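A short write-up of the structure that comes next.
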Amino acid sequence: MGDSKGSTVIIIAAAWIAMVGIAAYATMAIRLGPGFAIPVGVLGAVASAAILSGPIGKALAQRMGLRNPPAPNEVPDQVLGELDDLRLRMQELEERVDFSERLLAGLPREPDREQGKF
């Protein structure tokens with residue numbers, strides 16, 4: 001429960017920082033004009049992308065739960081038990097099919113049924 005509360009706090013803090021930064025950028029862009037807005041906006045976008053694609057962004061994404069942790073290499077015991085049950089059932093079915101084939105192969109054929117007559 002504490003982990004989800006910590007993630008919520010991080011998300012809220014990141015949202016506030018982003019909103020304050022965007023508001024400050026918008027205010028400066030209005031006052032200083034396009035000569036400021038375009039280059040600073042492009043540099044800010046490139047810098048943000050570089051930071052968020054690096055180890056800081058990966059750590060934040062993992063902390064916020066946006067990326068799943070790597071799957072464990074172990075198979076749960078319940079799945080292994082079900083797999084064993086399925087193997088046993090498959091063996092029983094194979095034995096039944098083999099028995100049925102041997103039984104059918106040993107039956108004498110009726111001449112009328114061989115030719116498709118009833």
Could we say that ALA24 is at pLDDT 85 or above, open to solvent by less than 90 Å² (accessible area, probe 1.4 Å) and either in contact with a helix residue (DSSP H, G or I) (Cβ under 6 Å, 6 or more places away or on another chain) or assigned to a helix (DSSP H, G or I) (or both) here?
yes
Which of the residues belonging to the range 50-64 are open to solvent by less than 60 Å² (accessible area, probe 1.4 Å) and either among the basic types (Lys, Arg) or in a helix (DSSP H, G or I) (or both)?
GLY57, ALA59, ALA61, MET64
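State yes or no: is GLU114 at pLDDT 90 or above and more than 18 Å from ILE17 (Cβ to Cβ)?
Values: at pLDDT 90 or above: no; more than 18 Å from ILE17 (Cβ to Cβ): yes.
No, not satisfied.
Yes or no, residue by residue, for (1) at positive phi; (2) at pLDDT below 80; (3) surrounded by 10 or more Cβ atoms within 10 Å (Cβ to Cβ):
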| residue | (1), (2), (3) |
| --- | --- |
| THR8 | no, yes, yes |
| LEU32 | no, no, yes |
| ALA37 | no, no, yes |
| GLU74 | no, yes, no |
| LEU83 | no, no, yes |
| ASP98 | no, no, yes |
| GLU101 | no, no, yes |
Need pairs with beta-carbon distance below 8 Å; first residue within 24 Å of GLY57 (Cα to Cα) and within the range 25-46, second in a helix (DSSP H, G or I) and of a type in the set (Ser, Thr, Tyr); sequence gap 6+ or separate chains.
VAL40/TYR25; GLY41/TYR25; GLY44/TYR25
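The values are calculated or read from the model by the stated rules, or taken from the named source; none is laboratory data. Since the structure is predicted, the reported quantities are computational estimates derived from the model, not experimental observations. Positions of Cβ are backbone-derived with ideal geometry, glycine not excepted, and every protein chain shown enters the neighbour counts. The protein model used for the area step is the full one, side chains on, heavy atoms only, and it has no ligands, DNA or RNA in it. Shrake-Rupley method; radii C 1.70, N 1.55, O 1.52, S 1.80 Å.
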